[in-house]
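Read the figures in this text as sums done on the coordinates, not as results from a lab. These numbers were taken from a predicted model, which means no experiment stands behind them. Heads up, the Cβs are rebuilt from the backbone with ideal geometry, glycines too, and the neighbour counts pull from every protein chain shown.
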Amino acid sequence: MQRIYWQEWEKVLNRMGLKPLAYVTMAAARPLLPIAAQMMAVGYPLIKALNMDGHYSALIRMLDDEETADQFRDYLYKEGA
């Protein structure tokens, strides 16, 4: 799985003070992440029209894959969540 956006996402979460919340949410709501990804996929045509599809589609793919979601959660922890 590509991790090209992970550092950017981590910086945004950190800047907004949401990094600890993102880590805890990903750990606690792990079984719900694929469902969240499917709900996000419904809104994908709108995001694509706004030229924001790169990050958004990568986020959907990451949340839909349990192993990759766990890797991103661990990445946030290693980066000081």
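Descriptive notes on the structure:
Okay, residues lined up against (1) under 21 Å from E79 (Cα atoms); (2) β-branched (V, I, T):
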| position | (1), (2) |
| --- | --- |
| E8 | yes, no |
| V12 | yes, yes |
| M16 | yes, no |
| I47 | no, yes |
| A58 | yes, no |
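- Contact map, segment 14-41: residues that are under 21 Å from G54 (Cβ atoms) paired with residues that are hydrophobic (A, V, I, L, M, F, W, C), Cβ distance under 6 Å, separation 6+ or inter-chain. Pairs shown: A22/L13; L33/L63; L33/A69; A36/L63; A37/I60; A37/L63; M40/I60; A41/I60.
To keep it simple, each residue is scored yes or no on (1) assigned to a loop (DSSP other than H, G, I, E, B); (2) exposed (fewer than 14 other Cβ atoms within 10 Å of the Cβ).
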position	(1), (2)
I4	yes, yes
W9	no, no
L13	no, no
A22	no, no
M26	no, no
I35	no, yes
M39	no, yes
